[in-house]
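Structure, as structure tokens:
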Amino acid sequence: MIDKKAEEKHFNNKSTVYGPVKSWRFGLSLGIDPIFTLSTCSFNCFYCQLGQIQDITDQVKEYIPTDTVINDFKDSLKNNPQIDVITFSGSGEPTLAQNIDLMIQGIKELAPKIEQYILTNATELYRPEVRQRLLGLDKIIVKIDAATEETFQKINRPAKGVTLARVREGILELKKDYHGKIEVQSMFTPLNLSEVEQYAELIKEISPEVVQLNTPKRPYPSQWHRENRGNHLKVFDYKTTDLKTLSEDQATELETFLKKTTSLKILSIYR
């Protein structure tokens, strides 16, 4: 077991800004965590890098003061001047933060040339005020892991009342107001591989700029630590569970099928 001094050396658990994280899609990404205090999300995905979500909720409120995030960003920017993008993600679903628009605006004033993205499960996009808060972002990446309600409930294990229909509705409403880039990020396992035809129809309807195909290569941690944000360095001696993934052949077959049936740009983690 790593002692507390070693823990502090490896991880700055007191900061709402973390990384930079090396992303296979976005280069060096500096993460913004607008939730921070507990893992808090409207999903409890069985593959989540955070482990079991501590607060499964779709309550939108201020979780951490805006000034805390802005000051943490100032400090991080001094040490990481070469970052490629800024990504809102962190300890849960970032759109649950009622003050996320103020964070976006404050960061833009400090780093106007660095693009800002968000990784969101899209559960709150049905709310007009949530969509409005995201309009200042350069890219919105929405999560679609299922094409049927049954599989959605099994994979994403959402908060009570959250449905796939609500996610779909929110994304389609976002497209009416938002003029930046929208991408889809999907996690594939043997569980949802059987409904690729329905999935193809759903992403065709959404018509994103890019579809990112992932498979859970990181193990599922038994407990939550803030270092699970971004890169999972496995410094701590806690139990993890390996998950079933798609083989490279399966991923290639899926990628080929989706390109042919949707004519969208499809990117696979294996490539």
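The values are calculated or read from the model by the stated rules, or taken from the named source; none is laboratory data. Since the structure is predicted, the reported quantities are computational estimates derived from the model, not experimental observations. In this analysis, Cβ positions are derived from the backbone assuming ideal geometry, glycine residues included, and neighbour counts consider all displayed protein chains.
For the reader, a short list of remarks on this structure follows.
- Within the set 154, 160, the sole residue that is surrounded by fewer than 17 Cβ atoms within 10 Å (Cβ to Cβ), modelled with pLDDT of 95 or more and not in a loop (DSSP other than H, G, I, E, B) turns out to be 154.
- Of residues in the stretch 89-111 being closer than 15 Å to residue 30 by Cβ and not small (Gly, Ala, Ser), the one nearest to the chain's Cα centre (by Cα): 94
- Qualifying residues in the stretch 174-215 (those that are among the charged types (D, E, K, R) and more than 19 Å from the chain's Cα centre (by Cα)) - the one modelled with the lowest pLDDT: 177
- As a summary of the residue check, residue 214 satisfies the conditions (1) of a type outside the set (A, V, I, L, M); (2) out of contact with any strand residue (DSSP E or B) (no Cβ under 6 Å at 6 or more places or on another chain); (3) touching a residue at least 12 places away in the same chain (Cβ under 8 Å); (4) under 20 Å from residue 252 (Cβ atoms) except for the one numbered (2).
- Among the residues making up the stretch 163-177, those that are closer than 12 Å to residue 122 by Cβ and either without any contact (Cβ under 8 Å) to a residue 24 or more places away in the chain or not in a helix (DSSP H, G or I) (or both) are 163, 164, 165.
- Within the stretch 170-195, the residues that satisfy the criterion of being touching a Ser or Thr at 6+ places or on another chain (Cβ under 9 Å) and of a type outside the set (Lys, Arg) are 170, 182, 187, 188, 189, 190, 191, 192, 194, 195.
- In the stretch 29-37 there is at least one residue that is out of contact with any Asp or Glu (no Cβ under 7 Å at 6 or more places or on another chain), surrounded by 17 or more Cβ atoms within 10 Å (Cβ to Cβ) and among the β-branched types (Val, Ile, Thr).
- Flag for residue 56 being within 30 Å of residue 188 (Cβ to Cβ) and either at pLDDT below 90 or of a type in the set (A, V, I, L, M, F, W, C) (or both): yes
- Of the residues making up the stretch 53-96, those that are touching a Lys or Arg at 6+ places or on another chain (Cβ under 9 Å) and more than 26 Å from residue 42 (Cα to Cα) number 0.
- Leading residue by the ranking (surrounded by the fewest Cβ atoms within 10 Å (Cβ to Cβ)) among those in the stretch 108-133 that are among the hydrophobic types (A, V, I, L, M, F, W, C) and touching a strand residue (DSSP E or B) at 6+ places or on another chain (Cβ under 6 Å): 114
- Residue that is farthest from residue 159 (Cα to Cα) [pool: residues in the stretch 67-83 that are surrounded by 15 or more Cβ atoms within 10 Å (Cβ to Cβ) and not β-branched (Val, Ile, Thr)]: 77
- Condition check for residue 122: assigned to a loop (DSSP other than H, G, I, E, B), of a type in the set (A, V, I, L, M), at pLDDT 95 or above and within 16 Å of residue 41 (Cβ to Cβ): yes
- Per the listing 64, 86, the residue uniquely under 13 Å from residue 29 (Cα atoms), within 19 Å of the chain's Cα centre (by Cα) and buried (at least 18 other Cβ atoms within 10 Å of the Cβ) is 86.
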